[in-house]
Amino acid sequence: MDLFAYEGGTLRCEGVPVGDIAADVGTPTYVYSRGTLAEHLTRVRDAFAAVDPLICYSVKSCGNLAVLRALVDLGAGMDVVSGGELHRALAAGCPPERIVYAGVGKRDDEIAAALDAGIHLLNVESEQEFENIARIARARGTECRCALRINPDVDPKTHRHTTTGTKETKFGVDIERARAFFRTYGHDAHARLVGLHLHIGSPVYDTAPYVEAVRRALALRADLQREGFEVSVLDAGGGFAADYETGRSPAAADYAAAIVPLLEPAVRDGLRVVLEPGRSIAANAGILLTRVQYVKRSGDKRFAICDAGMNALLRPSHYDAFHFIWPAEPRAGSVPTRRAADPGVAGLEPCDVVGPLCETGDYLALDRALPVLERGDLLAVFTAGAYGMSMASRYNSSPLPAEVLVDGDRFSLVRRRETYADLVAHEG
Ligand code: LLP
């Protein structure tokens, strides 16, 4: 699952007790494991080896430069969705030919930056956007490769906020319109339409929606090829789940077992496959460390009030997401045997784990079975590497957390904690 484990009564990330990190850099702090990032990238690569995909890690899931550099060093490409993410990917040393760029609302300056960098693929989401890309490429006397993002109208059975491949969402172009799209734009000399893109949602716990979406994309490709269009790339997006609860999510190998057999004949026929996994690589590679400031009881409720809340990790309040939370230095007899609502420890009591912000929605967990907690206890919020820091905010003028990367028995500060001076640096 990952390289965070309780050993000798304390939680370690690889060889480092996380308590040492908190003592050194304070809390709240995100801690990432380089070894886990590598392990999960390798799992996706090995699982899909038969179709030799270009794996473009989704920068939005965790865009810290040190994390990106580690993945680039391991051969990953990058999936970006903004000029800012493109800047990060290039700053991390990602070769442009390994960068793909999606997003419904690319601005002219963002398109120009992508063209200047010479990235692998611009994933186009509408007729107007294609015309704009072609116009900008023509004006710059350059050309680029584009893939049409199709909306396969497949329900990924995930949270409605992160469902992207159904008709009522803003993403992509209906399959029915895709043929007309190629007929109109498929011969542009500057914006060359070379592929198809899809991304159905995130996280997707079932392999069936992928099978359906990829089937539809391959059928469309066959139709388009019959019409004389060469469709040499299929970017199948991301969305593979992460292990938020022990053993709950399919492994990369499960997704691959369902999808690879569909792709293999097309790959033999010259198709290049791109994948955009984010969460399945980064989520289990990170935890959030937070310290209990106060414990209070109100009626029969128990609250652990921490120095991190929805500002540091939005997922619980925004998506009702489950993140396993446990003391980093548990008292005797309370080391969990699994990460789940029932962690396999006796004598637990419900507790709301909340943040310091002035909102009732500011929580990390509600009614969670937890052991005795005391002021000063260090808590680890697990599987927080993806969409944790990247969605953090400064709400209530909270300085952004620090980020630390662990490699073996060493750790380095890869983003210092913000100061109050940072908070006001762009104002006035
Ligand atoms: N490709 C595209 C076009 C995407 O929109 C996304 C995620 C990905 C790839 C990566 O998906 P992943 O492999 O990480 O599941 N904030 C939400 C997740 C939003 C995902 C948005 N798009 C969360 O915290 O669950």
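The values are calculated or read from the model by the stated rules, or taken from the named source; none is laboratory data. Fair warning: this is a prediction, and the values are worked out from it, not measured in the lab. Cβ atoms come from the backbone with ideal geometry, glycine included; neighbour counts cover every protein chain shown. Protein only, heavy atoms only, side chains kept; ligands, DNA and RNA dropped before computing areas. Shrake-Rupley method; radii C 1.70, N 1.55, O 1.52, S 1.80 Å.
The set of residues in segment 56-71 that are open to solvent by less than 10 Å² (accessible area, probe 1.4 Å) and aliphatic (A, V, I, L, M) comprises Val59, Val67, Leu68, Ala70, Leu71. Of the residues screened, Glu212 is not one that is more than 30 Å from Ser390 (Cβ to Cβ) and not aliphatic (A, V, I, L, M).
Condition check ((1) in a strand (DSSP E or B); (2) open to solvent by 10 Å² or more (accessible area, probe 1.4 Å); (3) free of Cβ contacts under 8 Å to residues at least 40 places away in the same chain; (4) closer than 18 Å to Gly237 by Cβ) across all residues:
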| residue | (1), (2), (3), (4) |
| --- | --- |
| Arg149 | yes, yes, no, yes |
| Lys167 | no, yes, yes, yes |
| Thr184 | no, yes, no, no |
| Ala189 | no, yes, no, no |
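Within this structure, Asp174 fails the test of being more than 30 Å from Gly75 (Cα to Cα), touching a Pro at 6+ places or on another chain (Cβ under 8 Å) and away from the ligand (no atom under 15 Å from the Cβ). Filtering segment 8-45 to residues that are over 19 Å from Leu288 (Cα atoms) and without any contact (Cβ under 8 Å) to a residue 60 or more places away in the chain leaves Gly8, Ala38, Glu39, Thr42, Arg45.
Residue-wise test of (1) among the hydroxyl-bearing types (Ser, Thr, Tyr); (2) in contact with a strand residue (DSSP E or B) (Cβ under 8 Å, 6 or more places away or on another chain); (3) at pLDDT below 95.
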position	(1), (2), (3)
Ala137	no, yes, no
Arg145	no, yes, no
Pro152	no, no, yes
Ala180	no, no, no
Arg183	no, no, no
Ala191	no, yes, no
Asp206	no, no, yes
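What are the pairs, 6+ residues apart or on separate chains, where a residue within segment 302-326 that is acidic (Asp, Glu) has its Cβ under 7 Å from a residue that is at pLDDT 95 or above? Pairs that qualify, where the first residue is acidic (Asp, Glu) and the partner is at pLDDT 95 or above, are Asp307/Thr27; Asp307/Pro28; Asp307/Thr290; Asp307/Arg291; Asp307/Gln293; Asp307/Pro356. A count restricted to segment 191-207 and to residues that are in contact with a Ser or Thr (Cβ under 8 Å, 6 or more places away or on another chain) and of a type in the set (Ser, Thr, Tyr) stands at 2.
Yes or no, residue by residue, for (1) within 16 Å of the ligand (Cβ to nearest atom); (2) surrounded by fewer than 18 Cβ atoms within 10 Å (Cβ to Cβ); (3) in the same structural domain as His197 (by TED's automatic domain parsing):
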{"residue": "Gly9", "(1), (2), (3)": "no, yes, no"}
{"residue": "Val16", "(1), (2), (3)": "no, no, no"}
{"residue": "Ala22", "(1), (2), (3)": "no, no, no"}
{"residue": "His40", "(1), (2), (3)": "yes, no, yes"}
{"residue": "Val80", "(1), (2), (3)": "yes, no, yes"}
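Scanning segment 118-147 for residues that are surrounded by fewer than 20 Cβ atoms within 10 Å (Cβ to Cβ) and among the acidic types (Asp, Glu) turns up Glu127, Glu131, Glu143. Counting only strands (runs of 3 or more DSSP E) wholly contained in segment 254-310, the ones carrying 2 or more residues that are over 27 Å from Ser61 (Cα atoms) occupy 286-298, 301-306. Selection of segment 102-117 for residues being open to solvent by 40 Å² or more (accessible area, probe 1.4 Å) and either modelled with pLDDT of 95 or more or more than 15 Å from the ligand (Cβ to nearest atom) (or both) yields Gly105, Arg107, Asp108, Asp109, Ala113, Asp116.
For segment 357-366, a tally of residues being modelled with pLDDT of 95 or more and either open to solvent by 70 Å² or more (accessible area, probe 1.4 Å) or touching a Lys or Arg at 6+ places or on another chain (Cβ under 7 Å) (or both) returns 3. When each of Leu121, Leu86 is tested for being modelled with pLDDT of 95 or more and under 26 Å from Pro209 (Cα atoms), the lone residue that passes is Leu121. Sort out which residues of segment 42-54 are among the hydrophobic types (A, V, I, L, M, F, W, C) and either crowded, with 23+ Cβ neighbours inside 10 Å or not assigned by TED's automatic domain parsing to the domain that holds Arg107 (or both), and write them in order of number. Scanning segment 42-54 gives a single hit, Val44.
Condition (residue is out of contact with any Lys or Arg (no Cβ under 9 Å at 6 or more places or on another chain), more than 12 Å from the ligand (Cβ to nearest atom) and among the small types (Gly, Ala, Ser)) applied to segment 138-152: is it met by at least one residue? Checked against the condition, which is being out of contact with any Lys or Arg (no Cβ under 9 Å at 6 or more places or on another chain), more than 12 Å from the ligand (Cβ to nearest atom) and among the small types (Gly, Ala, Ser), segment 138-152 yields at least one hit.
Is there a residue in segment 254-261 that is outside the structural domain of Asn64 (by TED's automatic domain parsing), within 16 Å of the ligand (Cβ to nearest atom), open to solvent by less than 10 Å² (accessible area, probe 1.4 Å) and touching a residue at least 40 places away in the same chain (Cβ under 8 Å)? No, segment 254-261 has no match at all.
Scanning segment 199-238 for residues that are farther than 12 Å from Pro156 by Cβ, assigned to a loop (DSSP other than H, G, I, E, B) and not aliphatic (A, V, I, L, M) yields Glu227, Gly228, Phe229, Glu230, Ser232.
Of all the residues in segment 82-94, those that are surrounded by fewer than 22 Cβ atoms within 10 Å (Cβ to Cβ) and within 14 Å of the ligand (Cβ to nearest atom) number 1.
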